[in-house]
1. Within the range 140-160, can one find any residue that is in a helix (DSSP H, G or I), more than 28 Å from Glu81 (Cβ to Cβ) and either at pLDDT 95 or above or among the hydrophobic types (A, V, I, L, M, F, W, C) (or both)?
2. Which of the residues that make up the range 62-76 are farther than 19 Å from Leu141 by Cα and of a type in the set (A, V, I, L, M)?
3. Taking the conditions exactly as written (in contact (Cβ under 8 Å) with a residue 12 or more places away in the chain, surrounded by fewer than 15 Cβ atoms within 10 Å (Cβ to Cβ) and touching a helix residue (DSSP H, G or I) at 6+ places or on another chain (Cβ under 8 Å)), does Lys138 satisfy them or not?
4. Sort through Pro68, Pro36 and tell me the only one that's touching a helix residue (DSSP H, G or I) at 6+ places or on another chain (Cβ under 9 Å), free of Cβ contacts under 8 Å to residues at least 12 places away in the same chain and not aliphatic (A, V, I, L, M).
5. What pairs come out if I take residues in the range 166-182 that are in contact (Cβ under 8 Å) with a residue 40 or more places away in the chain and pair them with residues that are among the polar types (S, T, N, Q) whose C-beta lies under 6 Å away, six or more apart or interchain?
6. Go through (1) within 21 Å of Phe64 (Cβ to Cβ); (2) in contact with a Gly (Cβ under 7 Å, 6 or more places away or on another chain); (3) not small (Gly, Ala, Ser) for Pro192 and report which single condition fails.
Amino acid sequence: MKAMKPTSLLRVLTVAAVTALAFTSAPQSVQAESEPKAPDAFVALQDVDPTILQEIRYTTPHNFVGEPIDGYSKPMCILTEPAAKALHKAQQKLLSGGYSLKVYDCYRPQRAVDHFVRWAKDLDDERMKPEFYPQVDKSRLFADGYIAEKSGHSRGSTVDLTVVKLPAVPTRPYVPGEPLVPCYAPQGERFPDNSVDMGTGFDCFDTLSHTDDPRVTGEQRANRDLLRGVLAERGFVNLPEEWWHFTYKPELFPDTYFDFPVARRSLSGHRA
């Protein structure tokens, strides 16, 4: 076989390298461009009120699944603009009393809900049961209403949140594999959270999480009533089964379940 000249060999190698790069990078570029975008009515809560604390649990393994959830590309809160502005007004009132709102979850893409559904059907995966659903048989999660194939969060006006006393003490990170304590244990025993004592932790699959459960009294009752009261004044309606779950009414998209990723690039006119 006749040997190539050095210049010809260099040209061939250059073309091959460029071709290989195109094949490896193209799928990612196409995927980014093909991802659905949020309607103009969606905003980042940070842009509306940067004082509201954010601890977006589903970007971390500290949740009932035990791993980061599909669709949460960034730890940020995205909401419809009316809902975000209503939270801003509620925050102003809380700040005057030495408190702050803290959001755990806001808009939730449908792919995240699908992740929950797949996990719930896998009855062998109970790694987070001791903390999040110690008294609930996993086979009952659908029947008891803890998991569903659709979520109001995907419509963009629902938020999971709590109240924090200022100045806020940082919450330590969760270490995967650490011993788990039931979410309804006394505040000093369950996983630390800088939230005021609400009687249970966030996402606690237990009847004690029902907002008006009669076992919740004293300071815990006062804290739940504080959260519900300040949000109700701004148009938010509580889900009775979850003290942390509120929906702004009227919803802009009452019948639409979105699936754009939780990321700045999903928003119109986004910033890097």
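The values are calculated or read from the model by the stated rules, or taken from the named source; none is laboratory data. What you are looking at is a predicted structure, and each value in this text was computed from that prediction instead of being measured. Please note: Cβ atoms are built from the backbone with ideal geometry, for glycine as well, and neighbour counts cover all protein chains shown.
1. Yes, the range 140-160 contains a residue that is in a helix (DSSP H, G or I), more than 28 Å from Glu81 (Cβ to Cβ) and either at pLDDT 95 or above or among the hydrophobic types (A, V, I, L, M, F, W, C) (or both).
2. Within the range 62-76, just Met76 meets the criteria.
3. no
4. Sole residue among the options that is touching a helix residue (DSSP H, G or I) at 6+ places or on another chain (Cβ under 9 Å), free of Cβ contacts under 8 Å to residues at least 12 places away in the same chain and not aliphatic (A, V, I, L, M): Pro68.
5. Leu166/Ser100; Ala168/Asn194; Thr171/Asn194
6. (2)
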